[in-house]
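Working notes for the structure below.
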Amino acid sequence: MKQCNNNCGLRYQTIYILFGCLALLVVTAAGLAPVSGGSVHHADKLMHVTIFMLLALWFTCLLPKRYWIIFGSMVVYGLLLEWLQGLTSYRHADGYDLVADAVGAAAGTMIGARRGHGMLVALEARLTPN
């Protein structure tokens, strides 16, 4: 697999970034929506880890060499989301959710830093005609 540096671009990087921003909006809307039913504490934390891992992985693949910025942005996003939940009458802020968000963001950033951008470039090369 070809290793990429900052000069190895993607054809549709802007579209991919917009897709990532749409994913952030969907996560925000879901995070601020009223919750029905009982709370499953461990499943909730696993969901936080998974969502933040996928978000961080996505942006790390798109913006190589910006690992600390992406990780920090994901943590700030998680903090903002928890704060907004605390402002509602039907949700509450949970520090453990923020820890799960940070763990997921760290995992996604580390996975993406390892080979993410190269994998995305290779996938795009296979899926799009020259």
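A compact table of results
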read-out	value
Euclidean distance of C-alpha centroids, the range 7-80 and the range 93-115, integer Å	9
Helical mean residue ellipticity (222 nm; -39500 (n - 2.57) per DSSP H run of 4+; nearest 500) of the chain	-23500 deg cm²/dmol
Additional length obtainable on full extension of the chain from residue 28 to residue 94, 0.36 nm per residue less Cα span	22.2 nm
Furthest towards positive pole of dipole, 118, 61, 33, structure part the chain, Cβ charges	118
Alpha carbon convex hull of the chain, projected area averaged over orientations, nm²	8.6
Relative exposure of 111, 70, judged by other C-beta atoms within 10 Å (fewest first)	111, 70
Extension gain from residue 122 to residue 18, taking 0.36 nm per residue of separation minus the Cα-Cα distance	35.4 nm
Sum of side-chain charges, residue 71 neighbourhood, beta-carbon under 15 Å (Lys, Arg +1; Asp, Glu -1)	+2
Mean Cα-pair separation over length for the chain, i.e. relative contact order, pairs under 8 Å, 6 or more apart, %	38
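The numbers here are math on the coordinates, done by the rules we state, and not lab data. The shown structure was predicted, so the numbers you read here are calculated from the model rather than taken from an experiment. Using ideal geometry, Cβ is built from the backbone for each residue, glycine included, and neighbour counts are taken over all protein chains shown.
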